[in-house]
Structure formats: structure tokens, C-alpha cells
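K.L.:
Please find one structure pasted underneath; my questions will follow.
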Amino acid sequence: MDPLVGRRIVRLDAVESTNDAAKELLETDADEGTVVVAGRQVAGRGRHGRAWFSPPGGLYCSIVLKPADANVGLLGLVSGMPVVKALRHWSVLATLKWPNDVVFRERKLGGILCEGVYRRDTFWVIAGIGVNTNVPLDRLPAEVRGSASSLKAETGVEVSNDEFLEYMLADFDKVYRASKSGARAVLARDYMALCSTIRQRVAVAMADGRTVRGTAVEVTPQGALVLLDEAGTRVEVTDGTVTNL
Ligand code: BTN
């Protein structure tokens, strides 16, 4: 079966953000599975309005997706699985910190920013992926240096970003097809197998300012994290920033 994801790859040198470049492409000629990849970003964006520092050496790409419906919470989560699988292929036993931080020994190696957009009456998702493959850690700003790492820093080996991308996109294609076919329960189970938040005691800071504390026990087929709080009550959170306690 020909792959959907990566059937067209648009390579750029420097962009503000590959997510924005993908959205622009969607105005004219991008179709499902198109990937935009850039050598660096000057205004890379992370979740919750944070910056994503994107010096040369890292992998920065965005994938144009056309999900079957607008219920895309799980799609955002499982978009991190191919990154983890690729890092493991290159010997870094990374995991996912819910929702989709890619971490190794509590340091962040990658992240996903999924953005929904309507074009020509169709709902699209741009899945932006940033991976610190060969990023020299001293090129990252001081405020993130202590909590970030890179594939090269962990293994001493420089990886080809083209090879990493090819490996990752092949797995993304499988995950995306499963997601389109509605295999939510299976995907949630596969996600949990790679997610180090499960069984952790955590605090989740939510957008409305509230913080929920408890033990993470499950991820639902909709992508929510289920906590058991101190009273043993199940609490579902759909977005937020997790701190391991
Ligand atoms: C996060 O962990 O907060 C998400 C980081 C997502 C970064 C990637 S890099 C490629 C794409 N373009 C962006 O501006 N952001 C995403």
C-alpha cells in the first residue's frame, strides 16, 4: 500500500514555523499527507503559546492531516508515538509524557503541536513535530537547557535527519491510518505502552488555573488522562501541563 503520510515532502531552509508554512500551503496545493520540513525555524511554536527553539541540527516538520472527524484529542497524543519509536530505533529509550512530550530521563527531546484549521469547508490538522536530534545543547537558551536533551547528547552519534524523518514518517503513516479507521481503543492502549505518565503521581496544571493531583491510571480513547485523586475519585483531564510528583 502506498503511504499517505510523506507522499509529498516540501523541504525548506529557514521558516518562521513549519506549521505556518503548512497552513499556507493548504491555501493552494497541499493535500493529505504532505510534509513540510525545515532546517531551522526563527519563530517555532510550542504548546500553550510557548516558544520552540529551533536551531540548525534539529528536525522540524509539519504533517498535513485530514482526520475523519473533529474529535482529535487522541490524534494529538498518538502523533508522538512515531517520534518515540524513531528515537528507540536510534538507541534512546524515550517515552511520552502526557499528552505528547517526548522525554528521556525527564529531559525533553521532542514535542508535538497539533493545530486544527478549516480550509474549503474541510477540517484539517497540522501535526507539527520538533525533535532535538543533533541540536547542540549550548545553542538552547539557558531557561530550557537544564530540562532538555538531544539524541546526539545522549548517544554521542549524529543522526541523519533525512533518515530519521523517513523512519518516523513510515510509522506515522501506520498510526494515522489506524486513527482514520477508528481504532481508538487499540491506539490508546498502544499509546499507554509508551507513556511514562501512567502509574505516576502527578500534578496537572490546567488552562483555567486549577491544578489536579493524583495517580495517572489510564488514557481514554478520546485522549483524556484519567487520574485517581486522594479521595479515590476518577478525574479526567483533557489538556494541561503535567509535573511528576
Ligand atoms: C511542545 O512541546 O510544546 C510542542 C513543540 C512543537 C514544535 C514543532 S517544531 C515543528 C512545528 N513548528 C512549530 O512551530 N512547532 C512545531
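The values are calculated or read from the model by the stated rules, or taken from the named source; none is laboratory data. Values in this document were obtained by computation on a predicted structure and should not be read as measured data. Heads up, the Cβs are rebuilt from the backbone with ideal geometry, glycines too, and the neighbour counts pull from every protein chain shown. Side chains are part of the model used for accessible areas, which takes the heavy atoms of the whole protein and leaves out ligands, DNA and RNA. Shrake-Rupley method; radii C 1.70, N 1.55, O 1.52, S 1.80 Å.
K.L.:
Please work out the average accessible area per residue across the chain, using the 1.4 Å probe convention, and give it in Å².
P.N.:
Accessible surface, normalised per residue, equals 46 Å².
K.L.:
How high is the FRET efficiency between GLU24 and THR233 when r is their beta carbon distance and R₀ equals 45 Å, given to the nearest 0.05?
P.N.:
0.50
K.L.:
Hey, got the dipole for the chain? About the Cα centre, +1 on K and R Cβ, -1 on D and E Cβ, debye to the nearest 20?
P.N.:
Magnitude of the dipole: close to 560 debye.
K.L.:
Assuming 0.36 nm per residue, please report the length gained on full extension of the stretch ASP69 to VAL144 beyond their Cα-Cα distance.
P.N.:
23.5 nm
K.L.:
Order SER62, SER196, most accessible first, counting only protein heavy atoms with a 1.4 angstrom probe.
P.N.:
SER196, SER62
K.L.:
Among ALA86, GLN200, ALA153, flag the residue with its Cα farthest along the positive direction of the charge dipole of segment 70-216, charges on Cβ as +1 for Lys/Arg and -1 for Asp/Glu.
P.N.:
Going by the Cα projections, it comes out as GLN200.
K.L.:
Further question: Please get the size of the charge dipole for segment 37-90, origin at its Cα centre, with Cβ charges of +1 on Lys and Arg and -1 on Asp and Glu, quoted in debye to the nearest 20.
P.N.:
140
K.L.:
Heavy atoms only, probe 1.4 Å: what % of the accessible area of the chain goes to carbon and sulfur, would you let me know?
P.N.:
Within the chain, the accessible surface is 49 percent carbon and sulfur.
K.L.:
Could I ask something else about it? Select from ALA178, THR133, GLY209 the residue farthest towards the positive end of the dipole of segment 131-245; place +1 on Cβ of Lys and Arg, -1 on Cβ of Asp and Glu, and compute about the Cα centre.
P.N.:
GLY209
K.L.:
With θ taken as phi - 60° and the coefficients 6.51, -1.76 and 1.60, list the Karplus ³J(HN,Hα) couplings across segment 34-44 in order, rounded to whole Hz; mark glycine and proline as x.
P.N.:
4, 10, 10, 10, 10, x, 7, 10, 9, 9, x
K.L.:
Which whole-Hz couplings ³J(HN,Hα) result when phi for each residue of segment 8-24 is put into the Karplus expression 6.51 cos²θ - 1.76 cosθ + 1.60, θ = phi - 60°, listed in order with x for Gly and Pro?
P.N.:
9, 10, 9, 9, 10, 7, 10, 9, 5, 8, 5, 4, 5, 4, 5, 5, 5
K.L.:
Explain nothing, just the number: relative contact order of the chain, from Cα pairs under 8 Å at least 6 residues apart, as a whole percent.
P.N.:
Relative contact order comes out at 17 percent.
K.L.:
Another question about this same structure. Any chance you could count the Lys pairs in the chain whose alpha carbons are under 26 Å apart, treating pairs 8 or more apart or on different chains as valid?
P.N.:
18
K.L.:
What's the magnitude of the charge dipole for segment 1-52 around its Cα centre, counting Lys and Arg as +1 and Asp and Glu as -1 at the beta-carbon? Answer in Debye, nearest 20.
P.N.:
380
K.L.:
Given the -39500 (n - 2.57) contribution per DSSP H run of 4+ residues, what per-residue ellipticity at 222 nm results for the chain, rounded to the nearest 500 deg cm²/dmol?
P.N.:
About -7500 deg cm²/dmol.
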